[in-house]
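Here's the structure, in structure tokens; my notes come after.
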Amino acid sequence: MTGQQRRLSVHRTVPTGVEHLPMRPLWLCRRCGQPWPCGAAKVALVAEYRDAPVSLFLYLAGCLHDAIDDLHRLNPSVTGSAADMFDRFLGWPARHTHAYRVSTTTAVRSQEASS
């Protein structure tokens with residue numbers, strides 16, 4: 001095995017340059033095999049869409065739509081609940097994107113200032 005490859009299992013190797021992108025229709029990470037978006041993909045997406053959080057949500061909403069279709073076609077009984085799928089694709093950026101967070105203290109101060 002060369003320095004350009006990393007062993008994932010006994011029978012499979014992946015070049016280290018492979019990004020953490022979805023492998024469709026399974027929606028697993030091409031690099032690490034975790035459900036996509038994996039942790040590394042989330043970090044990369046937040047960095048890439050740092051200045052455009054709405055675009056991140058729109059991109060992930062499209063991915064969610066495609067994943068539901070793909071996974072349902074593969075095996076309708078194990079697609080996952082709507083809540084799980086939503087959290088997998090759209091729940092995490094809401095917790096990690098600071099652009100649209102307004103704390104209670106900030107909201108109260110804004111209301112007091114305008115009164």
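Throughout, read-outs are computed from the coordinates displayed, never taken from laboratory work. Quick caveat, the model's predicted, so the values are computed rather than measured. Cβ atoms come from the backbone with ideal geometry, glycine included; neighbour counts cover every protein chain shown.
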Cut-off 13 Å between beta-carbons: net charge of the residues surrounding Gly39, Lys and Arg +1, Asp and Glu -1: +3
Could you check the simple spin-label distance between Ser55 and Val78, using points 7 Å along Cα→Cβ, in nm with one decimal? 3.7 nm
Residue order, fewest to most surrounding Cβ atoms within 10 angstrom, among Phe57, Phe89: Phe57, Phe89
Ranking of Leu28, Leu58 by count of other Cβ atoms within 10 Å, fewest first: Leu58, Leu28
Full-stretch length increase - Ala40, Trp92 - with 0.36 nm per residue and alpha-carbon distance subtracted: 17.4 nm
Search the structure for amide H atoms under 5 Å from the amide H of Leu28, placed 1.01 Å from N in the peptide plane, and list their residues when 5 or more places away or on another chain. Met23, Trp36
If we count other beta carbons within 10 Å of each Cβ, what is the order of Ser55, Ser77, fewest first? Ser77, Ser55
